[in-house]
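Participant: Sharing a structure below in structure tokens format, with a few things to ask.
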């Protein structure tokens with residue numbers, strides 16, 4: 001068996017250089033905003049600070065300089081998360097990569113390799129983005145540790161910075177709704193607690209639509225320089241100016257998780273091979289794999305990692321078969337009902353970092369790809385791995401408004 005031996009494109013040095021040249025997902029907003037640091041072990045430790053903005057005191061000449069601490073200093077620690085997956089290439093693919101004298105066949109095989117490697121790379125990067133989003137928007141991050149135990153990190157974001165509006169105040173149809181006042185109150189709280197001004201706001205297009213058609217916002221803009229139609233031609237800039245926010249980022253990207261049914265569907269309790277990434281409120285799409293584009297959608301009402309089940313609001317009409325059919329959940333990084341603000345820096349320091357942790361026998365950091373030959377049938381596996389954890393140093397620089405109930409939207 002030759003396997004992948006002698007194929008230049010599958011040599012680890014060549015393969016990893018190829019993957020490093022791929023463009024990263026341009027939509028991964030949070031991953032591109034904060035720095036990356038290589039930590040010395042997989043037990044990540046970081047400091048947490050609340051408040052800042054102090055000044056050096058006056059002292060008499062010749063006296064001893066007073067020592068200071070860091071206001072509200074705390075510390076946190078957690079084991080780094082580890083994620084990996086692989087893709088199989090069969091013997092026909094291997095033979096095409098080594099076949100002499102056929103440039104067209106070789107180039108086709110290289111395209112297949114590049115497409116597969118890029119897909120794996122983007123999935124790894126998307127996982128990092130999901131981790132950053134979960135940390136900042138939810139104040140927590142849950143992942144699987146050794147032994148299959150689900151572990152949750154809490155980042156210490158104050159509950160006063162994670163506000164869910166009541167029915168009368170909700171931005172969709174609340175009788176007392178006032179998004180402009182709510183946003184100004186949020187800015188003031190960040191300034192009072194962290195002594196910084198938020199310079200970013202993030203939402204998706206559905207939330208932008210809610211703000212665009214809010215009667216109070218339209219009334220304010222009718223009296224301003226933007227009353228001539230600019231609200232709809234460049235909405236994010238107009239609303240950013242109105243609310244005094246430096247940057248409004250529209251973030252409509254979605255992520256997808258999927259799992260195979262391990263038992264035929266016969267109730268609202270669904271058994272899957274991996275439920276760790278499914279979330280309450282997400283939409284579970286059941287696919288009948290024997291028919292093209294045949295599916296049913298149900299809303300997830302509960303997730304039980306220990307028993308490997310999700311619960312949906314209504315039993316699917318069709319008896320989807322265990323071991324054959326699958327369930328896919330697609331969800332937006334920024335939900336339709338969330339308006340999120342933050343300051344990306346505090347006293348000249350970024351509020352968050354992504355800590356890469358060492359892994360493997362060769363003690364590597366960050367993304368890495370490798371291969372393994374399969375004996376029968378002959379082929380090769382391409383595997384990608386990554387390990388790390390996002391950390392948040394200044395939890396009170398963020399503010400999340402859950403503006404209405406998605407079930408009613």
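Participant: Look through 163, 153 and report the one residue that is in a strand (DSSP E or B), touching a strand residue (DSSP E or B) at 6+ places or on another chain (Cβ under 6 Å) and modelled with pLDDT of 95 or more.
Facilitator: Going through 163, 153 in turn, just one is in a strand (DSSP E or B), touching a strand residue (DSSP E or B) at 6+ places or on another chain (Cβ under 6 Å) and modelled with pLDDT of 95 or more: 163.
Participant: Give just the number: which of (1) assigned by TED's automatic domain parsing to the domain that holds residue 317; (2) modelled with pLDDT of 95 or more; (3) touching a strand residue (DSSP E or B) at 6+ places or on another chain (Cβ under 7 Å) does residue 186 not satisfy?
Facilitator: (1)
Participant: If residue 5 satisfies all but one of (1) within 27 Å of residue 364 (Cα to Cα); (2) at pLDDT 65 or above, what's the number of the condition it fails?
Facilitator: The one condition residue 5 does not meet is (2).
Participant: Can you tell me which residue in the stretch 346-357 is nearest to residue 198 (Cα to Cα), limited to those that are part of a loop (DSSP other than H, G, I, E, B) and in contact with a strand residue (DSSP E or B) (Cβ under 8 Å, 6 or more places away or on another chain)?
Facilitator: Result: 351.
Listed here are the residues, each with its yes/no results for (1) out of contact with any helix residue (DSSP H, G or I) (no Cβ under 8 Å at 6 or more places or on another chain); (2) exposed (fewer than 15 other Cβ atoms within 10 Å of the Cβ); (3) within 27 Å of residue 74 (Cα to Cα).
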site	(1), (2), (3)
161	no, no, yes
174	yes, no, no
180	no, no, no
191	yes, yes, yes
204	yes, no, no
209	yes, yes, no
217	no, no, no
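Participant: All but one of (1) crowded, with 19+ Cβ neighbours inside 10 Å; (2) in a strand (DSSP E or B) hold for residue 370; state the number of the condition that does not hold.
Facilitator: (1)
Participant: Before we move on, is residue 99 at pLDDT below 90, buried (at least 16 other Cβ atoms within 10 Å of the Cβ) and more than 23 Å from the chain's Cα centre (by Cα)?
Facilitator: Spelling it out, it is not the case that residue 99 is at pLDDT below 90, buried (at least 16 other Cβ atoms within 10 Å of the Cβ) and more than 23 Å from the chain's Cα centre (by Cα).
Participant: So, residue 240, is that one over 23 Å from the mean Cα position of the chain (by Cα), modelled with pLDDT under 85 and surrounded by fewer than 16 Cβ atoms within 10 Å (Cβ to Cβ) or not?
Facilitator: Considered against the rule, which asks whether it is over 23 Å from the mean Cα position of the chain (by Cα), modelled with pLDDT under 85 and surrounded by fewer than 16 Cβ atoms within 10 Å (Cβ to Cβ), residue 240 comes out as no.
Participant: Still on this structure, I have one more. Count, please, the residues in the stretch 358-367 that happen to be in contact with a strand residue (DSSP E or B) (Cβ under 7 Å, 6 or more places away or on another chain) and either in a strand (DSSP E or B) or crowded, with 23+ Cβ neighbours inside 10 Å (or both).
Facilitator: Total meeting the criteria: 1.
Participant: Exactly one of (1) within 22 Å of residue 365 (Cα to Cα); (2) modelled with pLDDT of 95 or more; (3) in contact with a helix residue (DSSP H, G or I) (Cβ under 6 Å, 6 or more places away or on another chain) is unmet by residue 121. Its number?
Facilitator: Unmet condition: (2).
Participant: Another one. Does at least one position in the stretch 35-48 carry a residue that is modelled with pLDDT under 70 and out of contact with any strand residue (DSSP E or B) (no Cβ under 7 Å at 6 or more places or on another chain)?
Facilitator: No; the residues of the stretch 35-48 include none that is modelled with pLDDT under 70 and out of contact with any strand residue (DSSP E or B) (no Cβ under 7 Å at 6 or more places or on another chain).
Participant: Could you please let me know if residue 298 is out of contact with any helix residue (DSSP H, G or I) (no Cβ under 9 Å at 6 or more places or on another chain), buried (at least 18 other Cβ atoms within 10 Å of the Cβ) and within 22 Å of residue 321 (Cβ to Cβ)?
Facilitator: Working: out of contact with any helix residue (DSSP H, G or I) (no Cβ under 9 Å at 6 or more places or on another chain): yes; buried (at least 18 other Cβ atoms within 10 Å of the Cβ): yes; within 22 Å of residue 321 (Cβ to Cβ): yes.
Spelling it out, residue 298 is indeed out of contact with any helix residue (DSSP H, G or I) (no Cβ under 9 Å at 6 or more places or on another chain), buried (at least 18 other Cβ atoms within 10 Å of the Cβ) and within 22 Å of residue 321 (Cβ to Cβ).
Participant: Which of (1) under 30 Å from residue 41 (Cα atoms); (2) free of Cβ contacts under 8 Å to residues at least 40 places away in the same chain is the odd one out, the single condition residue 376 does not satisfy?
Facilitator: Unmet for residue 376, out of (1) under 30 Å from residue 41 (Cα atoms); (2) free of Cβ contacts under 8 Å to residues at least 40 places away in the same chain: (1).
Participant: Quick one: how many residues across the stretch 373-399 are touching a strand residue (DSSP E or B) at 6+ places or on another chain (Cβ under 7 Å), under 30 Å from residue 51 (Cβ atoms) and surrounded by 22 or more Cβ atoms within 10 Å (Cβ to Cβ)?
Facilitator: 10
Participant: Return the pairs, sorted by first residue and then second, in which the second residue is part of a loop (DSSP other than H, G, I, E, B) and at pLDDT below 90, the first residue lies in the stretch 326-351 and is surrounded by fewer than 19 Cβ atoms within 10 Å (Cβ to Cβ), the beta carbons are less than 7 Å apart, and the residues are 6+ apart or on different chains.
Facilitator: Going by the 7 Å Cβ cut-off, the qualifying pairs are 331/279; 331/282; 336/409; 347/52.
The values are calculated or read from the model by the stated rules, or taken from the named source; none is laboratory data. Just so we're clear, the structure is a prediction, and the values are computed from it rather than from any experiment. FYI the Cβ positions are ideal-geometry reconstructions off the backbone, even for glycines, and counts take in every protein chain you see.
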